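Participant: Pasting a structure below so you can have a look.
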Amino acid sequence: MSRDLSSLIDALRTAGGDFTDVEVKAAVGGLPESLAASLSALANLPGGGTIILGLDERTGFRPAGLKDPQLLKQGLATKAQAFVPPVRLTIDDGLVDGQPVVIAKVHECDPSTKPCRVASTGTAYLRGYDGDFALSTIEEQGFLAARTPPLFDRAPVAGAGPGDLDPDLLGSFVEGVRDRDRRGLGRFDDDRELVRRAGVTDDDGRPTTAGLLALGRHPQEFFPRFVIQAAAEPHLGDPAGVRARDQATITGPIPHMLDAAMAWARRAFRTSIVTTADGDVRDQPEYPLVAFRELIANALVHRDLDHWSAGTAIEVRLRRDRLVVTSPGGLYGITVDRLGHEGVTSARNARLVAICQHVKTPDTGSRVIEALASGIPLVAEALAERGLPPATFVDTGIRFTALLRHLPSDARPAMNLTTTQLAIYQALGSRPRDAAALQSELGLADSTIRKGLHALRMLGLVHQNGGRGRPTTYRRTTDD
């Protein structure tokens with residue numbers, strides 16, 4: 001296990017739910033059927049994961065009272081063979097609050113054999129930050145493509161010509177190269193030779209994928225889904241029919257998209273009026289804009305460019321308690337646990353990254369990226385300065401998600417609640433809601449919603465109306 005058991009249990013209890021790489025099952029009646037999906041998903045997860053049997057999440061991860069741990073271990077070993085390829089497990093005994101639990105380390109499948117499938121159904125599963133999901137046919141192609149090094153940014157774009165490159169961006173790029181790399185790429189006096197050697201065009205002058213995405217007039221003519229789909233949840237006071245606000249599809253070359261994404265964030269993020277230590281009064285967005293910029297820039301230059309992901313956009317979802325940025329393609333050459341802790345640079349799209357180091361955004365005149373492995377530490381520093389929780393990163397191998405969390409100050413009870421419990425409490429607002437409405441609004445799994453509601457009821461913060469076959473709604477007890 002990557003974590004000590006006692007510290008892991010403490011973390012689970014504090015969070016109030018499973019982690020991406022940890023699944024907890026009560027297993028009092030034997031191995032649950034849902035375990036097959038979890039085993040497949042964790043075997044497909046970079047780094048694998050851990051399954052703990054014998055804890056009940058509904059009671060705050062307290063021991064469930066296993067009757068025969070040895071039988072469960074035998075069952076796990078047998079079940080691990082029911083996959084293609086077989087799931088590799090390391091199974092140990094443990095004690096939590098003096099009661100036995102079974103701990104199974106699920107080893108990651110060799111990338112050359114992914115995705116790991118349930119043999120009886122042929123279904124492969126993917127681990128997300130909010131549950132296990134069956135892989136689509138397109139997503140399975142992503143695992144197959146990951147078996148070879150990605151070189152898709154180097155290919156010339158069919159049908160594109162020199163006129164599809166933006167002359168202003170191209171000129172800025174050449175100027176940046178000559179300014180920052182005079183003894184290397186910048187020593188070529190002929191602009192066309194410099195551009196060709198940089199990988200912006202091929203030998204025949206046709207724009208490459210990297211060149212078009214970074215310096216094109218309108219890359220979406222050739223890559224319709226190389227866009228950012230951004231939307232924010234409705235405010236609590238919005239009419240019932242409002243499904244989203246500040247919805248936008250952001251297009252253009254990467255420097256323009258980055259500027260447009262920042263403009264969207266300034267509109268969509270809630271702001272507070274704060275007074276600084278030197279007496280200045282200014283607006284403060286709910287998330288640091290510098291952190292958002294780093295996440296969007298990373299998504300734009302590191303997203304997968306293979307055929308399987310051609311129909312997938314970068315997604316930005318601003319929810320009431322969190323900001324979610326998701327892009328196709330997992331991490332390349334680095335793992336989540338090393339992000340921000342080592343000065344390691346690793347590029348899925350090496351040519352695209354190299355070009356974007358020398359390209360400036362039109363609005364601010366700042367370089368798109370530095371490629372110095374400083375982005376994630378900058379995100380961490382900006383969040384810490386604002387007193388926000390650290391960012392959460394989830395790499396499923398074919399999808400990468402970054403989450404920033406924000407705990408709204410309104411309607412916050414004077415208790416130490418988990419992030420999920422606070423989100424549910426706030427979403428209840430001043431009107432009764434049912435579990436389905438909360439699930440739709442918060443984007444959480446049904447089981448997570450019900451566990452959170454149960455915990456809030458036990459704390460006396462939420463009252464349940466109905467039940468036992470009747471329509472059931474929940475409301476804050478402060479509204480009684």
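Participant: Tell me the residue from Pro115, Pro100 that is surrounded by 17 or more Cβ atoms within 10 Å (Cβ to Cβ), assigned to a strand (DSSP E or B) and not hydroxyl-bearing (Ser, Thr, Tyr), please.
Facilitator: Just one listed residue meets the conditions, Pro100.
Participant: Among the residues of the range 55-76, write down those that are of a type in the set (Gly, Ala, Ser) and surrounded by 13 or more Cβ atoms within 10 Å (Cβ to Cβ).
Facilitator: As a first pass, look at the range 55-76 and keep what is of a type in the set (Gly, Ala, Ser): 60, 64-65, 75.
Residues satisfying the conditions are Gly60, Ala64, Gly75.
Participant: Now for a separate question. Looking only at the range 364-398, filter to residues that are farther than 22 Å from Ile254 by Cα and of a type in the set (Asp, Glu); which one of those is surrounded by the most Cβ atoms within 10 Å (Cβ to Cβ)?
Facilitator: Checked the range 364-398; the qualifying residue surrounded by the most Cβ atoms within 10 Å (Cβ to Cβ) is Asp395.
Participant: Could you grab me the full set of residues in the range 157-172 that are of a type in the set (A, V, I, L, M) and within 11 Å of Gly205 (Cβ to Cβ)?
Facilitator: Ala160, Leu165
Participant: Sticking with this one: Among the candidates Ala82, Ala11, Ala27, which residue alone is over 28 Å from the mean Cα position of the chain (by Cα), closer than 25 Å to Thr418 by Cα and not aromatic (Phe, Trp, Tyr)?
Facilitator: On inspection, the qualifying residue turns out to be Ala27.
Participant: Starting from the range 29-57, keep only residues that are in a loop (DSSP other than H, G, I, E, B), then list their pairs with residues that are buried (at least 21 other Cβ atoms within 10 Å of the Cβ) and among the basic types (Lys, Arg) whose Cβ atoms are within a distance under 9 Å, requiring at least 6 positions of separation or different chains.
Facilitator: Correct list of pairs: Leu31/Lys25; Pro32/Lys25; Ser34/Lys25; Leu45/Arg127; Gly54/Lys25.
Participant: Against the condition at pLDDT below 95, surrounded by 13 or more Cβ atoms within 10 Å (Cβ to Cβ), farther than 26 Å from Thr401 by Cα and of a type in the set (A, V, I, L, M, F, W, C), how does Leu194 come out, does it pass?
Facilitator: Here the answer is no, as Leu194 does not meet what is asked.
Participant: Of a type in the set (Val, Ile, Thr), modelled with pLDDT of 95 or more and closer than 21 Å to Thr364 by Cβ: which single residue out of Thr208, Thr251, Thr201 fits that description?
Facilitator: The match here is Thr251.
Participant: Give the residue that is surrounded by the fewest Cβ atoms within 10 Å (Cβ to Cβ), with candidates limited to residues of the range 159-177 that are of a type in the set (Gly, Ala, Ser) and without any contact (Cβ under 8 Å) to a residue 60 or more places away in the chain.
Facilitator: First, pick out the residues of the range 159-177 that are of a type in the set (Gly, Ala, Ser): 159-161, 163, 171-172, 176.
Still in the running and without any contact (Cβ under 8 Å) to a residue 60 or more places away in the chain: 161, 163, 171.
On the way: Gly161: 12, Gly163: 8, Gly171: 12.
Of everything passing the filter in the range 159-177, Gly163 is surrounded by the fewest Cβ atoms within 10 Å (Cβ to Cβ).
Participant: Kindly establish whether Arg183 is in a loop (DSSP other than H, G, I, E, B), of a type outside the set (Asp, Glu) and within 30 Å of Arg317 (Cβ to Cβ).
Facilitator: So Arg183 does not fit the description; no.
Participant: I would also like to ask the following. Take the conditions touching a residue at least 24 places away in the same chain (Cβ under 8 Å) and basic (Lys, Arg) and apply them to Arg180. Does it pass?
Facilitator: yes
Participant: Does the range 183-204 hold any residues that are in contact (Cβ under 8 Å) with a residue 24 or more places away in the chain and more than 35 Å from the chain's Cα centre (by Cα), and which are they?
Facilitator: Passing the criteria: only Asp204.
Participant: Can you report the number of residues in the range 111-158 which are polar (S, T, N, Q) and in contact (Cβ under 8 Å) with a residue 24 or more places away in the chain? Before you say what the answer is, go through the steps one by one.
Facilitator: Within the range 111-158, the subset polar (S, T, N, Q) is 112-113, 120-121, 123, 136-137, 141, 148.
When the remaining residues are screened for being in contact (Cβ under 8 Å) with a residue 24 or more places away in the chain, the result is 112-113, 120, 123, 141.
Residues in the range 111-158 being polar (S, T, N, Q) and in contact (Cβ under 8 Å) with a residue 24 or more places away in the chain: 5 in total.
The values are calculated or read from the model by the stated rules, or taken from the named source; none is laboratory data. It should be emphasised that the depicted structure is a prediction, and the values quoted were computed from it without experimental measurement. Don't worry about glycine lacking a Cβ; one is built from the backbone with ideal geometry, like all the others, and counts go over all protein chains shown.
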